[in-house]
Amino acid sequence: MQLGLRPSSFNFAYNAVNLVKRDLLYFDQVHICSFNNFTIFDELDTSDPHYLEKLRKELQPAYDAKLLHHFNLSEMVNYVVKEFKGGIGPELLPLVKKVSKINKPMDVKKFPKNPSKKMMEKIIHQYMDSVDASENDATRISSIFLNSFSRDKTAALLDYGLGESEKNSSKVLEVVLSKLPVPNENVSWQQIIDYRSDPDSAARFTALRVWMQDISRQDYTRHEISERIDHLLNEYEMHLKFHKLKYAHSGMRIFVTAAADIIENVVKLNFGKIADTMFSLSEKKIELYEAEMQAPGREIAYLSAAKKI
């Protein structure tokens, strides 16, 4: 299973619905990671309760469909340490040390009393930045932790990019994700679910994954990967555009030519001729499908099709 890990940050929270929808075009599930059981939803409960109520309502269908989950790093580490009965192995020790070095957010108890409005705005921004930095660190380490001890493959979708982003596979994934459209608020969760479960989408997604594996074997920069994707997308979409125009022209010609014949054959009860005419239209649809299957750039057709959701 492919998991996308999002930090429990203010930056994520205020873009959560659209980001999760986009993430689910690629990942099987999205997990919102937090350092402990105090999440960004608890922060919003105090700082922006009206937005929190709206956010929870909008995300609930994703929770109900088991596409969206939470991951508590501290709870998981404590559980594993307990399972080891205090004897932390060499594989776990570096991770535990990394967890202990995560910078904690600013302590609200240390805020100055009765600050000026300007000072208060500065303090709020500093506090939000400290929360975001802490939760991004927790998410990056959560990804390392899960990739070390879980069969699931995870990627840390940090506010500033991917964790371990200098690996070729991470660079490719980061660019591919940037090419996926961010669905707007009018795209329902059911449309996302339907798109994911569509057999044609699944086939295109598999082709995309294979292409990503191949391109990851080359040491390309992000810019070079982006250029290659744009080139393939342009070739694919231009090829389809040409064949759709050709199909529309041919289909219209057959339909116009056949219209009089159909009327005449209905009068004459010549149903065989009517069937031949309809079969010609079906043949054109098959030709269009074959053109798509043979199109240059078809390896990344999934990115093109996702724009149409």
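The values are calculated or read from the model by the stated rules, or taken from the named source; none is laboratory data. Since this is a predicted model, take the numbers as computed values, not measurements. Neighbour counts are summed over all protein chains in view; Cβ atoms, including those assigned to glycine, are modelled from backbone coordinates with ideal geometry. Accessible surface areas use protein heavy atoms only, side chains included; no ligands, DNA or RNA. Shrake-Rupley method; radii C 1.70, N 1.55, O 1.52, S 1.80 Å.
Surface exposure of the stretch 154-223, expressed per residue as accessible area with a 1.4 Å probe, stands at 54 Å². Note on the stretch 18-176: with neighbouring protein chains present and a 1.4 Å probe, carbon and sulfur make up 53 percent of its accessible heavy-atom surface. Probing with 1.4 Å while keeping every protein chain in the model, the per residue accessible area of the stretch 1-95 equals 49 Å². The alpha carbon gyration tensor of the stretch 56-151 gives principal lengths a ≥ b ≥ c with a/c of 1.5 or higher and a/b no greater than b/c, which makes the shape oblate. Here the spin labels are modelled as points 7 Å beyond Cα on the Cα-Cβ line, and at residue 125 and residue 237 they lie 3.7 nm apart. Each part reduced to its alpha carbon centroid, the stretch 3-63 and the stretch 142-200 end up 15 Å apart. Largest to smallest in accessible area, the residues 113, 179 fall in the order 113, 179 (1.4 Å probe, all protein chains included). Taking 0.36 nm per residue of separation and subtracting the Cα-Cα distance, full extension of the segment from residue 56 to residue 221 would add 55.6 nm. Each of residue 193 and residue 107 was given a label point 7 Å from its Cα along the Cα-to-Cβ line. The distance between the two points is 4.6 nm. Per-residue surface analysis assigns residue 52 an accessible area of about 0 Å², computed on protein heavy atoms at 1.4 Å probe radius.
Sum up the charges of everything whose Cβ sits under 10 Å from the Cβ of residue 98, counting Lys and Arg as +1 and Asp and Glu as -1, but leave residue 98 out. Combined, the nearby Lys, Arg, Asp and Glu give +2. Since only 72, 46, 4 are under comparison, the one whose Cα sits farthest along the positive direction of the charge dipole of the stretch 1-99, derived from C-beta charges on Lys, Arg, Asp and Glu, is 4. Given R0 = 25 Å, the distance between the Cβ atoms of residue 96 and residue 38 translates into a calculated FRET efficiency of 0.80. Heavy-atom accessible area for residue 159, with the other protein chains in place and a 1.4 Å probe, reaches approximately 50 Å².
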